[in-house]
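The values are calculated or read from the model by the stated rules, or taken from the named source; none is laboratory data. This is a predicted model, so every value here is computed, not measured. Because the Cβ atoms are built from the backbone with ideal geometry, glycine has one as well, and the counts that use them run over all protein chains shown.
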Ligand code: RB5
């Protein structure tokens, strides 16, 4: 379920990190530019400590203004930003750790945010996981029913 080369281009992507992933954010932004994407960097820009929930909320609120294809959230582990993002209405943030989860996050969960950790030792570069996510299409059908059920949980909690 790959998307065409044309669909891969000109994606507008929100990206933000806390102090635990500033270098990773820089690496990802460079990668996205080589893929003809337009990353919107919401900070942070130094390793001075900040609180990751603040970062996730800023990025998700910007995403919800519209016009973005998806968002990337980073902290030391990716856990804190993904936990926070998933409390915000309309956000489905997937914590990715390999190529398989990168693919499934789009194909089965139609994630609109993906999260990584700047202090995590992954077996493959984060940029490869992002590329896999970007080139995968949502599979729809039974997965649409399940994703709809995820979003319905927002209404009853
Ligand atoms: C910050 O020290 C660290 O807790 C944060 O980056 C993240 O890993 C939280 O989930």
- Task: Collect the residues in the range 30-56 that are exposed (fewer than 12 other Cβ atoms within 10 Å of the Cβ) and under 18 Å from residue 83 (Cα atoms), keeping them in residue-number order.
- Result: none
- Message: Being more than 14 Å from the ligand (Cβ to nearest atom), farther than 24 Å from residue 122 by Cα and touching a residue at least 12 places away in the same chain (Cβ under 8 Å) is true for just one of 28, 58. Which residue is that?
- Response: 58
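Could you list all residues from the range 119-131 that are in contact (Cβ under 8 Å) with a residue 24 or more places away in the chain and out of contact with any strand residue (DSSP E or B) (no Cβ under 9 Å at 6 or more places or on another chain)? Outline the logic, then answer.
Restricting attention to the range 119-131, the residues satisfying the condition of being in contact (Cβ under 8 Å) with a residue 24 or more places away in the chain are 119-120, 122-124, 126-131.
Matches in the range 119-131: 120, 123, 124, 127, 128, 131.
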- Looking at the range 12-41, which of its residues are within 13 Å of the chain's Cα centre (by Cα) and either modelled with pLDDT under 95 or outside any strand (DSSP E or B) (or both)? 25, 28, 29, 32
- Mind counting the residues in the range 66-118 that are touching a residue at least 60 places away in the same chain (Cβ under 8 Å), touching a helix residue (DSSP H, G or I) at 6+ places or on another chain (Cβ under 6 Å) and assigned to a helix (DSSP H, G or I)? 2
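Does residue 151 meet the test of being out of contact with any strand residue (DSSP E or B) (no Cβ under 9 Å at 6 or more places or on another chain) and either closer than 22 Å to residue 60 by Cα or assigned to a helix (DSSP H, G or I) (or both)?
Values: out of contact with any strand residue (DSSP E or B) (no Cβ under 9 Å at 6 or more places or on another chain): yes; either closer than 22 Å to residue 60 by Cα or assigned to a helix (DSSP H, G or I) (or both): yes.
Yes.
Quick one: is residue 121 surrounded by fewer than 18 Cβ atoms within 10 Å (Cβ to Cβ), more than 16 Å from the ligand (Cβ to nearest atom) and in a loop (DSSP other than H, G, I, E, B)?
Working: surrounded by fewer than 18 Cβ atoms within 10 Å (Cβ to Cβ): yes; more than 16 Å from the ligand (Cβ to nearest atom): no; in a loop (DSSP other than H, G, I, E, B): yes.
Criteria not met by residue 121.
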- Message: So, in the range 62-90, exactly how many residues are touching a strand residue (DSSP E or B) at 6+ places or on another chain (Cβ under 6 Å) and within 16 Å of the ligand (Cβ to nearest atom)?
- Response: 10
